[in-house]
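In what follows, a single structure is set out as structure tokens and then discussed.
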Amino acid sequence: MSIEQAAAPFTALGIDFGTTNSVLARSTADSAADLVEFAAPDAMTSVFRSALCFWQDGDRRGGLAHEAGPWAIAEFLDFPQGSRFLQSFKSVAASSTFEHANLFEKRLRFEELGQTFLRHLIDHAGSALANLPERVIVGRPVRYVGSRPDPALARARYDAMFSVLGRPVHYVYEPLGAAYSFATRLSEPATLLVADFGGGTSDFSIVRINAPGSAKRCVPLGSAGIGIAGDRFDFRIMDHLILPLLGKGGTYKSFDKVLEIPAGHFTDFGDWSRLALMRNRRTLDELARLKRAATDPAAIGRMIAVIEHELGYGLYEAVGQLKRALSTQDHAEFRFESEDLTIAADVTRAQFESWIAPDLARIAETVDGALLGAGLVPEQIDHVFLTGGSSLIPAVRTLFEQRFGAERIACGDELTSIAHGLALIGQTPDLGDWLAADGVAG
């Protein structure tokens with residue numbers, strides 16, 4: 001990819017690099033911001049799936065071809081047996097245990113995956129990003145995913161990833177981007193709590209919004225975050241509904257003993273960036289041995305089918321469809337059908353809410369921590385802006401209604417508000433008040 005150095009027709013670029021989706025927005029000299037659209041295979045869209053697909057191609061340098069976003073999904077669905085599909089790779093940015101992804105004969109580090117993704121993202125934007133501005137604002141989570149996330153490692157990986165743009169990158173907490181976007185709706189001063197529910201993290205920021213025309217339109221008061229969000233909710237469905245059908249909780253025979261199948265066999269089913277990587281000879285040979293010893297060999301056979309026939313994408317799509325259906329219905333049918341595996345079950349919203357109850361409790365604690373850090377009580381919050389896909393889950397909304405009252409809750413632009421706000425922040429003369437704790441990439 002070649003990025004021109006000529007003057008850009010817009011003043012700043014906001015990049016919401018998300019776990020599930022990524023969105024770009026451009027701000028212009030007239031203090032407006034618009035979303036960058038992509039001519040995806042199915043339709044024009046401003047939401048670009050954070051996914052990569054790799055396949056072998058002897059005619060290319062390095063012998064490895066790749067695509068990103070909806071084009072990656074299309075390539076994978078056309079040729080699932082000969083490709084490697086990666087989603088949610090952002091979730092390993094702060095993980096010291098992740099070193100590289102094994103893709104056929106190549107090993108790619110996080111920053112190499114990220115650079116490949118960004119090149120495709122920019123290329124598919126076409127003329128909309130023919131020239132990049134000098135000011136690039138990138139959102140980052142308040143807290144990264146993982147039990148022991150390493151923010152310094154994530155920062156180094158982000159710096160290496162975004163260096164491909166050839167511009168200094170300014171990092172801003174993602175919910176602050178959403179706050180700035182929401183501020184365009186208000187004509188009077190207010191104290192705002194933004195709750196951003198992404199794929200990997202739930203982030204919360206409290207902002208004082210001043211009257212339009214003020215020297216500082218928004219003033220951050222406090223932030224908090226937790227590595228629990230949409231992907232975790234998806235895994236709760238996977239763990240309670242699907243994994244028992246794939247052998248989890250079952251037993252196997254070892255000599256004269258009957259032992260429980262180790263939970264480690266199912267760990268990668270909770271991480272979209274690793275599920276596709278289970279399709280290797282060592283893992284499949286190990287599962288074949290387990291199948292021969294299992295009390296219920298058919299269950300292990302179903303797990304092998306998921307891995308060997310690259311069914312993970314379709315399975316997670318079915319999980320997402322169920323989650324969305326339960327946001328508007330009291331019960332819904334989970335259905336996944338393929339030549340190698342069929343799963344059907346009725347699920348109630350009450351069941352789903354019981355599965356995610358521990359996660360909601362931790363999210364509630366984090367919201368309370370954000371208030372405490374800002375020195376505020378719920379009654380001092382004028383508006384609560386819920387954004388991100390999981391903000392549509394009724395139990396999530398109820399959590400905020402119980403604390404702040406339904407009349408103060410607002411939503412909308414669930415997938416695009418962060419990028420829109422980041423682009424607007426890029427217009428501010430002094431970015432110092434907005435930068436995340438780890439500052440600016442030089």
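The values are calculated or read from the model by the stated rules, or taken from the named source; none is laboratory data. All values derive from a computational prediction rather than experimental measurement. Methodologically, a virtual Cβ is constructed for each residue, glycine included, from the backbone with ideal geometry; neighbour enumeration extends over all protein chains shown. In case anyone asks, the SASA skips ligands and DNA or RNA and just uses the protein heavy atoms, side chains included. Shrake-Rupley method; radii C 1.70, N 1.55, O 1.52, S 1.80 Å.
Figure legend. Inter-residue proximity from the stretch 239-252: first residues without any contact (Cβ under 8 Å) to a residue 12 or more places away in the chain, second residues charged (D, E, K, R), beta-carbon distance below 6 Å, spacing 6+ or different chains. No pairs are indicated.
Would it be correct to say that Gly199 is within 23 Å of Asn21 (Cα to Cα) and either at pLDDT below 95 or open to solvent by 30 Å² or more (accessible area, probe 1.4 Å) (or both)? Considered against the rule, which asks whether it is within 23 Å of Asn21 (Cα to Cα) and either at pLDDT below 95 or open to solvent by 30 Å² or more (accessible area, probe 1.4 Å) (or both), Gly199 comes out as yes. The set of residues from the stretch 194-210 being out of contact with any Leu (no Cβ under 8 Å at 6 or more places or on another chain), of a type outside the set (Gly, Ala, Ser) and either in a strand (DSSP E or B) or on the phi > 0 side of the Ramachandran plot (or both) comprises Asp196, Asp203.
Among the listed residues Val319, Val306, identify the single one that is within 24 Å of Tyr252 (Cα to Cα), within 29 Å of the chain's Cα centre (by Cα) and surrounded by 19 or more Cβ atoms within 10 Å (Cβ to Cβ).
Values: Val319 fails: within 24 Å of Tyr252 (Cα to Cα).
Going through Val319, Val306 in turn, the sole match is Val306.
Residue by residue through the stretch 84-114, note down the ones that are over 17 Å from Asp231 (Cβ atoms), of a type in the set (S, T, N, Q) and in contact (Cβ under 8 Å) with a residue 40 or more places away in the chain. Result: Ser96, Asn102.
Within the stretch 64-82, restricting attention to residues that are open to solvent by less than 40 Å² (accessible area, probe 1.4 Å) and touching a residue at least 60 places away in the same chain (Cβ under 8 Å), which residue is farthest from Met278 (Cα to Cα)? So the residue we want is Ile73.
Inspection of the stretch 83-94 identifies no residue that is open to solvent by 20 Å² or more (accessible area, probe 1.4 Å) and out of contact with any Phe, Trp or Tyr (no Cβ under 8 Å at 6 or more places or on another chain).
Do the conditions hold for Asp368, that is, is it within 20 Å of Gly139 (Cα to Cα), open to solvent by 60 Å² or more (accessible area, probe 1.4 Å) and either modelled with pLDDT of 95 or more or in a loop (DSSP other than H, G, I, E, B) (or both)? If you could, list the steps in order and put the result at the bottom.
Working: within 20 Å of Gly139 (Cα to Cα): no; open to solvent by 60 Å² or more (accessible area, probe 1.4 Å): yes; either modelled with pLDDT of 95 or more or in a loop (DSSP other than H, G, I, E, B) (or both): yes.
In short, no.
When Leu176, Leu186 are screened for being closer than 26 Å to Ile381 by Cα and open to solvent by 10 Å² or more (accessible area, probe 1.4 Å), only Leu186 passes.
The rows are residues; the columns are (1) open to solvent by less than 70 Å² (accessible area, probe 1.4 Å); (2) more than 22 Å from Ser417 (Cβ to Cβ); (3) modelled with pLDDT of 90 or more.
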| site | (1), (2), (3) |
| --- | --- |
| Pro9 | no, yes, no |
| Ser31 | no, no, no |
| Val36 | yes, no, yes |
| Thr45 | yes, no, yes |
| Ala51 | yes, no, yes |
| Arg61 | no, yes, no |
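Is one or more of the residues making up the stretch 393-414 modelled with pLDDT under 95, assigned to a loop (DSSP other than H, G, I, E, B), open to solvent by 60 Å² or more (accessible area, probe 1.4 Å) and out of contact with any strand residue (DSSP E or B) (no Cβ under 6 Å at 6 or more places or on another chain)? Checked against the condition, which is being modelled with pLDDT under 95, assigned to a loop (DSSP other than H, G, I, E, B), open to solvent by 60 Å² or more (accessible area, probe 1.4 Å) and out of contact with any strand residue (DSSP E or B) (no Cβ under 6 Å at 6 or more places or on another chain), the stretch 393-414 yields at least one hit. A search for C-beta distances below 6 Å between a residue of the stretch 327-339 that is more than 24 Å from Ser391 (Cα to Cα) and any residue that is open to solvent by less than 40 Å² (accessible area, probe 1.4 Å), counting only pairs 6+ apart in sequence or on different chains, returns Phe336/Leu315; Phe336/Ala318; Phe336/Ile343; Ser338/Leu311.
Checking Ala332 against (1) part of a strand (DSSP E or B); (2) surrounded by 16 or more Cβ atoms within 10 Å (Cβ to Cβ); (3) modelled with pLDDT under 95; (4) small (Gly, Ala, Ser): exactly one of these is not met. Which one? Answer for Ala332: the failing condition is (3).
Going by the structure shown, is Asp159 more than 18 Å from the chain's Cα centre (by Cα), more than 26 Å from Leu386 (Cα to Cα) and charged (D, E, K, R)?
Details: more than 18 Å from the chain's Cα centre (by Cα): yes; more than 26 Å from Leu386 (Cα to Cα): yes; charged (D, E, K, R): yes.
Considered against the rule, which asks whether it is more than 18 Å from the chain's Cα centre (by Cα), more than 26 Å from Leu386 (Cα to Cα) and charged (D, E, K, R), Asp159 comes out as yes.
Taking the stretch 211-227 as the range and being of a type in the set (Gly, Ala, Ser) and part of a strand (DSSP E or B) as the test, the residues that pass are Gly222, Ser223, Ala224, Gly225. The lone criterion from (1) crowded, with 20+ Cβ neighbours inside 10 Å; (2) over 19 Å from the mean Cα position of the chain (by Cα) left unmet by Ile343 is number (1).
Of the residues Gly247, Gly225, Gly270, only one is more than 30 Å from Val207 (Cα to Cα), buried (at least 18 other Cβ atoms within 10 Å of the Cβ) and of a type in the set (Gly, Ala, Ser); which?
Details: Gly225 fails: more than 30 Å from Val207 (Cα to Cα); Gly270 fails: buried (at least 18 other Cβ atoms within 10 Å of the Cβ).
The unique qualifying residue is Gly247.
Residues of the stretch 258-280 include at least one that is free of Cβ contacts under 8 Å to residues at least 12 places away in the same chain, outside any helix (DSSP H, G or I) and farther than 29 Å from Glu317 by Cβ.
Within the stretch 111-157, being closer than 20 Å to Ala39 by Cβ, hydrophobic (A, V, I, L, M, F, W, C) and crowded, with 19+ Cβ neighbours inside 10 Å holds for Phe117, Leu118, Leu121, Ile122, Leu129, Leu132.
Filtering the stretch 282-328 to residues that are in a loop (DSSP other than H, G, I, E, B) and closer than 18 Å to Arg84 by Cα leaves His309, Glu310, Leu311.
Inspection of the stretch 410-418 identifies no residue that is farther than 23 Å from Leu35 by Cα and either touching a His at 6+ places or on another chain (Cβ under 6 Å) or not aliphatic (A, V, I, L, M) (or both).
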